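S.K.: The structure's right below; bear with me while I get my questions together.
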Amino acid sequence: MWEYTDKVKDHFLNPRNVGEVENADGVGEVGSLACGDALRLTFKLDENKRIKEAKFKTFGCASAIASSSALTEIVKGMTLEEAEKVTNQDIAGYLGGLPEEKMHCSVMGREALEAAIANYRGEEQKKQEFEIVCKCFGITDKEIERAIRENNLTTREQVTHYTKAGGGCQACHPKIEAILEKVWGREKKPAAPVPPPGRKLTNLQKIRLVEETLQREIIPPMRADGGDLELVDIDGNTVYVALRGTCSFCPSSEFTLKKYVESKLREFVGPDIVVKEVKP
Amino acid sequence: MRTVYLDNNATTRVAPEVVEAMLPYFSELYGNPSSMHFFGGQVARKIAEARERVAALLNADPSEIVFTSCGTESDNAAIRGTLESYPEKNHVITTRVEHPAVLNVGQYLRARGYRVTELGVDRMGRLDLDELRDAIDEQTALVTILYANNETGVIFPIEEIGEIVKARGIPFHTDAVQAVGKIPLDMAKSHIDLMSLSGHKLHAPKGIGVLYIRKGTKFSPFFIGGHQEGGRRGGTENVPSIIGLGKAAELAIEHMDEENGRVRALRDRLEKELLDRIPNTLVNGDRDNRLPNTCSLSFEYVEGESILLLMSDQGICASSGSACTSGSLEPSHVLRAMGVPFTAAHGSIRFSLSIYNTDEDIDWVIEKLPAIVERLRDISPFWKDYKEGKPISSLMAGIHPEHTRHR
Ligand code: FES
């Protein structure tokens, strides 16, 4: 059973502001039935352009309902400029915290608010450049990046807890790792276990370690998605691999896949490993 | 508050008779059954008796009963112990709806170079036996197929499967954790070579299991140690629990008719009433081939964890295959393998009964649950849309629904 705070339980058992505002000024819809949670937020402004009424309808677990209820309480009385600044942390904080695995519920609240404000302003669904990274849950690179920055996320698991991205078939894991790396750069990522200083591998040991790491850490998750990887050769610190039949549903770019393999090998074999791809 | 416990496929109450039978073995009768003296010897005799009782429940020979620590150990021992006996073979056949104790062993084997075929199921959770026939080849070392599904209660045609497998001379294991004690089993007339069961699913305590190994079956022990369990599982016996399981097996034989009569009738009434009272409710799984105690329902447009928590507020204990409760972000692998539509998969609830349930228990659920579902549907953005005939696609943005089920 999840450890919910009393505040979460209260807002789940006695949700505030359930329903749809009539003749709403703004409507925001996020999530989906397929993904297991969805939220429709509606609000109305008063003559001073402050949010007079905000209501929600939510499909989802207890924390999704509680987060929606909290959101409507938080934004009531705010101007849109103020409401825009509400973060998912504010929602979680209002509820006295959420289990980390449930943080995506608070992110969904913030997204619904944003969508509703955009809807009021008549902004077209922001046509900025984005790419759907996680097809299982329809999560874009922009959403992932934002969650990473706003919540200081450093691991792939955290990204999944906060956005759901990567919680399904796992095919997008390399892409999520790549976004994490892009945001923090290599230095800021939590220090990977560096091989003890002074450890000098013989060639034979290195080959064995590379093979072991591929078999244990890298190939099984790829196989689970219909992909595969073959070790072609090792020359000094350069590891040559060939990619085979990647998951047809989630076309991960070979670039990020290569990066993923490289970062794993650097973690377990040595920091100087370079991965090169051999075309069949 | 009233407690209505309908989660017996998760675990059961230890029968009071079982507790009573166990107690002396914590205190006065603490001898080690392997000891030479009379003090240990009397315990050894009681363990032999418990073994006979478990054998009687399965109509097996006592020498075919190996006590283990749980169902998961039995599954691991059966699969890995068999593969070790056939090192020249590299193929295993199983299904997509196994318990994680088998499913994840499959993943583990795959990572070590084994080919693992997972047979699919249809919308009712049934296997296609032709798919099994086609999957068997020269390299197949083991077929391991669930007896009865823990989520839906669907019973596989295990003897038919066993016949197919044995005709090709291949060892056959079944995880019967949910079946033992609920439906009659007869090993004397069976094709099963190895079978796992777990004590706490049949009113014995947690931490005790059995691996049935038919005489003449190749098996390499998984736990290597002393000569206990005929050398097939080292480690000092969990004496009180073994005694408890023996008692539970005896009670299971006594209660078999009640399980398939009164308990089945309670389950059927619960199911029928809920279907009548709550619109847009579906039954998951083949209703004609089901455990007598299990019922999996899906309430469309609401989410399972919310239902569970509101039920829990009324003292009702059940479980759900929804994403939020499966510990992942996707609905249970069983419902996904069955292709339960996503409108329903997230709102699945499993009720599993036992002989301790009463008519009043069922009345309570029938009284409370309709209001709970209605309340959540009022909060759900989909229900009104659905009622008004609007397409539900408005909240599908950015999603490739087919993708949520590609595994
Ligand atoms: S989990 Fe991200 S694409 Fe499947």
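The values are calculated or read from the model by the stated rules, or taken from the named source; none is laboratory data. Given the structure is predicted, the values throughout are model-derived calculations rather than measurements. Reconstructed Cβ throughout: ideal geometry from the backbone, glycine too, with neighbour counts over all protein chains shown.
S.K.: Examine segment A:128-138 for a residue that is more than 9 Å from the ligand (Cβ to nearest atom) and in a helix (DSSP H, G or I), and state whether such a residue exists.
M.R.: There is no residue in segment A:128-138 that is more than 9 Å from the ligand (Cβ to nearest atom) and in a helix (DSSP H, G or I).
S.K.: Hey, among the residues in segment B:63-114 that are of a type in the set (Asp, Glu) and closer than 19 Å to B:Asp137 by Cα, which one's nearest to the chain's Cα centre (by Cα)?
M.R.: Only one residue fits best here, namely B:Glu84.
S.K.: Here's something else I'd like to know. Can you pull out the residues in segment B:119-146 that are over 18 Å from B:Tyr86 (Cβ atoms) and crowded, with 23+ Cβ neighbours inside 10 Å?
M.R.: B:Val121, B:Gly125, B:Leu146
S.K.: Would you check which residues across segment B:326-345 are crowded, with 24+ Cβ neighbours inside 10 Å and either over 20 Å from A:Thr58 (Cβ atoms) or modelled with pLDDT of 90 or more (or both) and list them?
M.R.: Residues satisfying the conditions are B:Ser332, B:Val334, B:Leu335, B:Met338, B:Val340.
S.K.: Would you please name the residue that is farthest from the other protein chains (Cβ to nearest Cβ), looking only at residues in segment B:282-303 that are surrounded by 20 or more Cβ atoms within 10 Å (Cβ to Cβ) and β-branched (Val, Ile, Thr)?
M.R.: Only one residue fits best here, namely B:Thr294.
S.K.: So, one more: If a residue has to be modelled with pLDDT under 95 and assigned to a helix (DSSP H, G or I) to count, how many in segment B:111-161 make the cut?
M.R.: Residues flagged as modelled with pLDDT under 95 and assigned to a helix (DSSP H, G or I) within segment B:111-161 amount to 1.
S.K.: For segment B:203-221, give me each residue that is under 21 Å from B:Ala78 (Cα atoms) and within 22 Å of the chain's Cα centre (by Cα).
M.R.: B:Lys206, B:Gly207, B:Ile208, B:Gly209, B:Val210, B:Leu211, B:Tyr212, B:Ile213, B:Arg214, listed by residue number.
S.K.: Quick one: would you say B:Ile93 is of a type outside the set (Ser, Thr, Tyr), in a strand (DSSP E or B), under 24 Å from B:Lys215 (Cβ atoms) and modelled with pLDDT of 95 or more? Quick ask: steps written out before the conclusion?
M.R.: Numbers: of a type outside the set (Ser, Thr, Tyr): yes; in a strand (DSSP E or B): yes; under 24 Å from B:Lys215 (Cβ atoms): yes; modelled with pLDDT of 95 or more: yes.
Judged against the criteria, B:Ile93 is a match.
S.K.: Quick check on my filter: what residues within segment B:304-318 are within 11 Å of chain A (Cβ to nearest Cβ) and under 17 Å from B:Thr358 (Cβ atoms)?
M.R.: Within segment B:304-318, B:Cys317 is the sole residue that qualifies.
S.K.: Can you tell me which condition A:Glu124 does not meet? The list is (1) at pLDDT below 90; (2) under 25 Å from A:Glu20 (Cα atoms); (3) in contact with a helix residue (DSSP H, G or I) (Cβ under 8 Å, 6 or more places away or on another chain), and all the others hold.
M.R.: For A:Glu124, the failing item is (3).
S.K.: Also: Yes or no: A:Ala83 away from every other protein chain (no Cβ under 11 Å) and either part of a helix (DSSP H, G or I) or at positive phi (or both)?
M.R.: On the way: away from every other protein chain (no Cβ under 11 Å): yes; either part of a helix (DSSP H, G or I) or at positive phi (or both): yes.
Spelling it out, A:Ala83 is indeed away from every other protein chain (no Cβ under 11 Å) and either part of a helix (DSSP H, G or I) or at positive phi (or both).
S.K.: Quick check on segment A:160-180: of everything there that is in contact with an Asp or Glu (Cβ under 9 Å, 6 or more places away or on another chain), closer than 16 Å to A:Val107 by Cβ and outside any loop (DSSP other than H, G, I, E, B), which residue is nearest to the ligand (Cβ to nearest atom)?
M.R.: The qualifying residue nearest to the ligand (Cβ to nearest atom) is A:Thr160.
S.K.: Considering segment B:68-80 alone, what residues qualify as being more than 21 Å from B:Pro205 (Cα to Cα) and buried (at least 24 other Cβ atoms within 10 Å of the Cβ)?
M.R.: Matches in segment B:68-80: B:Ala78, B:Ile79.
S.K.: Restricting segment A:107-127 to residues that are within 12 Å of chain B (Cβ to nearest Cβ) and buried (at least 24 other Cβ atoms within 10 Å of the Cβ), which is farthest from the ligand (Cβ to nearest atom)?
M.R.: Here the residue is A:Ala112.
S.K.: Report, by residue number, each residue of segment B:12-27 that is surrounded by 13 or more Cβ atoms within 10 Å (Cβ to Cβ) and either of a type in the set (Phe, Trp, Tyr) or outside any loop (DSSP other than H, G, I, E, B) (or both).
M.R.: Listed by number, the residues that qualify are B:Glu17, B:Val18, B:Val19, B:Ala21, B:Met22, B:Leu23, B:Pro24, B:Tyr25.
S.K.: Quickly run through segment A:11-54 and pick out the residues that are within 11 Å of another protein chain (Cβ to nearest Cβ) and touching an Asp or Glu at 6+ places or on another chain (Cβ under 6 Å).
M.R.: A:Val30, A:Gly31, A:Arg40, A:Thr42
S.K.: Taking the conditions exactly as written (small (Gly, Ala, Ser) and either without any contact (Cβ under 8 Å) to a residue 60 or more places away in the chain or touching a strand residue (DSSP E or B) at 6+ places or on another chain (Cβ under 7 Å) (or both)), does B:Ala188 satisfy them or not?
M.R.: Numbers: small (Gly, Ala, Ser): yes; either without any contact (Cβ under 8 Å) to a residue 60 or more places away in the chain or touching a strand residue (DSSP E or B) at 6+ places or on another chain (Cβ under 7 Å) (or both): no.
Criteria not met by B:Ala188.
S.K.: All but one of (1) within 20 Å of the chain's Cα centre (by Cα); (2) more than 16 Å from the ligand (Cβ to nearest atom); (3) farther than 21 Å from A:Arg40 by Cβ hold for A:Ser68; state the number of the condition that does not hold.
M.R.: Every listed condition holds for A:Ser68 apart from (3).
One line per residue, one yes/no per condition, for (1) among the aromatic types (Phe, Trp, Tyr); (2) within 14 Å of another protein chain (Cβ to nearest Cβ); (3) at positive phi; (4) touching a Leu at 6+ places or on another chain (Cβ under 7 Å):
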{"residue": "B:Ala78", "(1), (2), (3), (4)": "no, no, no, yes"}
{"residue": "B:Glu84", "(1), (2), (3), (4)": "no, no, no, no"}
{"residue": "B:Asn90", "(1), (2), (3), (4)": "no, no, no, no"}
{"residue": "B:Arg112", "(1), (2), (3), (4)": "no, yes, no, no"}
{"residue": "B:Arg115", "(1), (2), (3), (4)": "no, yes, no, no"}
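S.K.: Name every residue in segment A:20-31 that is part of a loop (DSSP other than H, G, I, E, B) and crowded, with 16+ Cβ neighbours inside 10 Å, in order of residue number.
M.R.: Across segment A:20-31, the qualifying residues are A:Val21, A:Ala24, A:Asp25.
S.K.: Test B:Thr95 against the stated conditions and say whether it is in contact with a Phe, Trp or Tyr (Cβ under 7 Å, 6 or more places away or on another chain) and β-branched (Val, Ile, Thr).
M.R.: no
S.K.: Further question: So A:Thr87 ticks every box in (1) surrounded by fewer than 19 Cβ atoms within 10 Å (Cβ to Cβ); (2) without any contact (Cβ under 8 Å) to a residue 60 or more places away in the chain but one. Which box is left unticked?
M.R.: In the conditions (1) surrounded by fewer than 19 Cβ atoms within 10 Å (Cβ to Cβ); (2) without any contact (Cβ under 8 Å) to a residue 60 or more places away in the chain, A:Thr87 misses (2) alone.
S.K.: Filter segment A:139-159 down to the residues that are touching a strand residue (DSSP E or B) at 6+ places or on another chain (Cβ under 9 Å) and over 16 Å from A:Cys105 (Cβ atoms), then identify the one that is surrounded by the most Cβ atoms within 10 Å (Cβ to Cβ).
M.R.: Across segment A:139-159, the extreme among qualifying residues is A:Ile144.
S.K.: Kindly indicate whether any position in segment B:28-41 is within 17 Å of B:His200 (Cβ to Cβ), in a helix (DSSP H, G or I) and not β-branched (Val, Ile, Thr). Don't jump to the end; show me each part of the working.
M.R.: Our first condition is that a residue be within 17 Å of B:His200 (Cβ to Cβ); within segment B:28-41, this holds for none.
There is no residue in segment B:28-41 that is within 17 Å of B:His200 (Cβ to Cβ), in a helix (DSSP H, G or I) and not β-branched (Val, Ile, Thr).
S.K.: Here is a list of conditions, (1) surrounded by 24 or more Cβ atoms within 10 Å (Cβ to Cβ); (2) without any contact (Cβ under 8 Å) to a residue 12 or more places away in the chain, and A:Glu47 meets all of them except one; can you say which number that is?
M.R.: (1)
S.K.: The conditions are (1) away from the ligand (no atom under 16 Å from the Cβ); (2) within 26 Å of A:Lys9 (Cβ to Cβ), and A:Glu157 fails exactly one of them. Which is it?
M.R.: Single failed check for A:Glu157: (1).
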